[in-house]
Amino acid sequence: MRVLLTGGSGFIGHHVARALTSAGVEFITIGRTSPKDTPKHVNVDLLGSPDFEALIKSTKPTHLIHLAWCTEHGKYWESQDNLGWMTSTYKLFAAFAKQGGTHAFIAGTCAEYDWRYGYCDEELTPCNPGTLYGITKDATRRMCQLLASASGMPLTWGRIFFPFGPGENPRRLIPSLFKAFRGEIEPFGVNKHYLRDFIYVEDIASAIFICMHEMSDGVVNLGSGNPVSLEQIVRIIASVEGKDPSAILDKDSPKKAEPQLLVGSCGKLRSLGWTPKQDLTSVLANF
């Protein structure tokens, strides 16, 4: 097994690289930034129209894990870079399939679903993305699945829900709550009754590894399957920091047109033998 990994220096990719290293799997990272402690790296701008066929021929991967995409906090939802990533992802996957790749995992997103349904099942919930990010991810999935079907190669399209953990952007919700209770930023309001599917980043990495190892095919949700309210998150973090949660919970809630419930079914993932290794409370207690 020889894995080609994109996005290896990113939030999730860093943990995937560690999981591959721990399992003794040979892998090569590609991209503009060389991840730390990565034995083999090819410097290439994936948005710069590289020769993907030559790249695949030179690296000779049997498996592809493609995580790279635009992820800049607060901007990626409507960034025009989404269009570039849609094109480059398809070209990379097409080159990999042409060279006889064994299996590919490509990172999708829960933003592909129609959020009005709240509970997101891979087989039952329709896709109706409301952002450019979700639209381009969904379009990329459709193109890649057609190609995978024609080539007879299994492709896992992993729809990731709400990851958290070491290395995430400090402006995201959970790091921001810790900073607020530590007095590093002003307290802010949250939609405390919202229910979200949070999943620890190391559990995402193990899920991706299992999808690759089991050569799963089709769409697979990468989530915990357990909805947690934002109020519960606030109370856990307040308890960890020894602070009063009302500093956040008594603030006015942001006015956002989002559903109260967003959670993914994870039966397909669990059927592959995956179970989360960390629970939310213990992780946040050691954040």
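Sort through Leu5, Leu64, Leu55, Leu46 and tell me the only one that's among the hydrophobic types (A, V, I, L, M, F, W, C), out of contact with any Asp or Glu (no Cβ under 8 Å at 6 or more places or on another chain) and under 16 Å from Val201 (Cβ atoms). Break it down stepwise before answering.
On the way: Leu64 fails: under 16 Å from Val201 (Cβ atoms); Leu55 fails: under 16 Å from Val201 (Cβ atoms); Leu46 fails: under 16 Å from Val201 (Cβ atoms).
Checking each option against the conditions leaves just Leu5.
Evaluate the range 191-198: report whether one residue or more is at pLDDT 95 or above, part of a loop (DSSP other than H, G, I, E, B), crowded, with 18+ Cβ neighbours inside 10 Å and of a type in the set (Asp, Glu).
For the range 191-198, residues at pLDDT 95 or above, part of a loop (DSSP other than H, G, I, E, B), crowded, with 18+ Cβ neighbours inside 10 Å and of a type in the set (Asp, Glu): present.
Yes or no: Pro61 free of Cβ contacts under 8 Å to residues at least 12 places away in the same chain, surrounded by 15 or more Cβ atoms within 10 Å (Cβ to Cβ) and in the same structural domain as Phe209 (by TED's automatic domain parsing)? Before you say what the answer is, go through the steps one by one.
Values: free of Cβ contacts under 8 Å to residues at least 12 places away in the same chain: no; surrounded by 15 or more Cβ atoms within 10 Å (Cβ to Cβ): yes; in the same structural domain as Phe209 (by TED's automatic domain parsing): yes.
Judged against the criteria, Pro61 is not a match.
Looking at (1) outside the structural domain of Thr281 (by TED's automatic domain parsing); (2) crowded, with 16+ Cβ neighbours inside 10 Å, which is the only condition Phe181 fails?
(1)
Out of the residues in the range 253-275 that are in a loop (DSSP other than H, G, I, E, B) and modelled with pLDDT of 90 or more, state the one that is surrounded by the fewest Cβ atoms within 10 Å (Cβ to Cβ). Spell out how you get there, then give the answer.
The initial filter retains those residues of the range 253-275 that are in a loop (DSSP other than H, G, I, E, B), namely 253-260, 265-266, 272-275.
If we keep only those that are modelled with pLDDT of 90 or more too, we end up with 259-260, 265-266, 272-275.
Working: Pro259: 15, Gln260: 12, Ser265: 18, Cys266: 24, Leu272: 15, Gly273: 9, Trp274: 20, Thr275: 11.
In this case the residue turns out to be Gly273.
Looking at the structure I just gave you, is Glu202 surrounded by 18 or more Cβ atoms within 10 Å (Cβ to Cβ), in the same structural domain as Asp114 (by TED's automatic domain parsing) and in contact (Cβ under 8 Å) with a residue 40 or more places away in the chain?
Here the answer is yes, as Glu202 does meet what is asked.
May I ask you to say which residue of Thr125, Thr136 is within 22 Å of the chain's Cα centre (by Cα), surrounded by 22 or more Cβ atoms within 10 Å (Cβ to Cβ) and of a type in the set (S, T, N, Q)?
Thr136
Restricting the search to the range 131-177, which residues are in a helix (DSSP H, G or I), more than 20 Å from Ser79 (Cβ to Cβ) and either among the hydroxyl-bearing types (Ser, Thr, Tyr) or touching an Asp or Glu at 6+ places or on another chain (Cβ under 7 Å) (or both)?
Residues satisfying the conditions are Ser149, Ser151, Pro175, Ser176.
Does any residue in the range 1-17 that is assigned by TED's automatic domain parsing to the domain that holds Ile28 and at positive phi come within less than 9 Å, Cβ to Cβ, of a residue that is charged (D, E, K, R) and in a helix (DSSP H, G or I) six or more places away or on a different chain, and which pairs are these?
Cβ pairs passing all conditions: none.
The values are calculated or read from the model by the stated rules, or taken from the named source; none is laboratory data. Predicted model, so just to flag it, every value in this text is computed and none were measured. Every residue, glycine among them, receives a Cβ derived from its backbone with ideal geometry; neighbour counts consider all protein chains shown.
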